[in-house]
Amino acid sequence: MLRRSGLVRAPDTERVHLAAAFRWMARFGFHEGVANHSSVCADGKSMLVNPGSRHFSKLRASDMVAIDVDASASTAAEKGIDPTAFALHSVLHRRFGEKARCLVHAHPVNATALSALKDKTLPAIDQNCARFFNRVKVDHEFLGMAMEDEPDRLASAISPLGNERVILMGNHGVTTLGPSIGDALDTLYYFERACAIYMTAKSTGMELSVMSDEVAEKTAQQWENEFGGCGQQHFAELLRILDEEEPQYKM
Ligand SMILES: [Zn+2]
């Protein structure tokens, strides 16, 4: 149960799911020191985000910080939110609304390596890569950390946003979007897997066997249709494991 000012209220699903997502990001190796951030904005006004300078592996539901997306940077600082977390996520929630309901931002090694290549295309060389065929929004620029004008520049660069669930951020990392935090985490998991497969195949120096556009598109649609619920199923299993092994994440 979450405790606030002496009151006890029912567990908040979004807080619990965020805490679970952070703990799994640590397990997956998607964390970076005590940096990086994820958020949920269900009503377009208030977002939940992780506190700055805390390790993902220890975060609990009650640690998540609520803040208005229109709040000032100084208010975010007073609440202990990383300035880049507030700047980036508040802009994306405001600009993209429901499409950006849940945002997971990280610098996993292989996706970040792809963001560092001049050609940031992820070729469809296996079914994980094909899942993202023509489905990644790429920002080719990087003008410094996500503060000052950089989040607005990024948001303009990726506008208009279609149905893409992945924003590949040049020389930086990746942000995934989803209707739920579980979906956004699953997308990040598979995108990083896809990038790992691509980087491994590319590092051999041998010629890549790339699917035709038709097969890549068909496979991407199969992911979306036949396996459209796999993100939810994946996250449900991840929750089950945490429930057994570290149930304090829900507190
Ligand atoms: Zn970042």
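Observations, loosely collected:
- Extension gain from ALA71 to MET147, taking 0.36 nm per residue of separation minus the Cα-Cα distance: 25.9 nm
- Taking 0.36 nm per residue of sequence separation and removing the Cα-Cα distance, the ASN171/ASN225 pair yields an extension gain of 16.2 nm.
- Hits among lysines - C-alpha to C-alpha of LYS118 under 25 Å, sequence gap 8 or more where chains match: LYS137, LYS202
- With R₀ set to 35 Å, the beta-carbon distance separating LYS118 from GLU244 gives a calculated FRET efficiency near 0.20.
- Label-point gap, in nm, between SER209 and SER156 - each point 7 angstrom along Cα→Cβ: 4.5
- Cβ-Cβ distance of GLN232 and ASP43, R₀ of 25 Å, FRET efficiency by 1/(1 + (r/R0)^6): the value works out to about 0.70.
- By DSSP, the beta bridges lying fully in the chain are antiparallel in about 85 percent of cases.
- Per residue of the chain, the DSSP helices (runs of n ≥ 4 H) give a summed -39500 (n - 2.57) that works out to -13000 deg cm²/dmol at 222 nm.
- For the chain, built as a Gaussian network whose Cα springs stay under 10 Å, the top-fluctuating residue of ALA113, ALA216, ALA71: ALA71
- Ligands, DNA and RNA are left out, and with a 1.4 angstrom probe the accessible area of the chain is 48 Å² per residue.
- Note on the chain: GNM, Cα springs under 10 Å; of ILE241, ILE125, ILE158, the largest mean-square fluctuation is that of ILE241.
- Accessible-area composition of the range 145-188, carbon plus sulfur, in percent [1.4 Å probe]: 50
- Span-rule helices in the chain, defined as complete DSSP H runs reaching 24 Å or more along the axis (Cα) with Kyte mean at least 0.5: none
- Among GLU14, GLU214, GLU141, residue whose mean-square fluctuation peaks in a GNM of the chain (springs only between Cα atoms under 10 Å): GLU214
The values are calculated or read from the model by the stated rules, or taken from the named source; none is laboratory data. The structure presented is a predicted model; accordingly, all values stated were derived computationally and were not measured. No Cβ is skipped: glycine too gets one built from the backbone with ideal geometry, and neighbour counts run over all protein chains shown. Heavy atoms of the whole protein, side chains included, go into the accessibility calculation; ligands, DNA and RNA do not. Shrake-Rupley method; radii C 1.70, N 1.55, O 1.52, S 1.80 Å.
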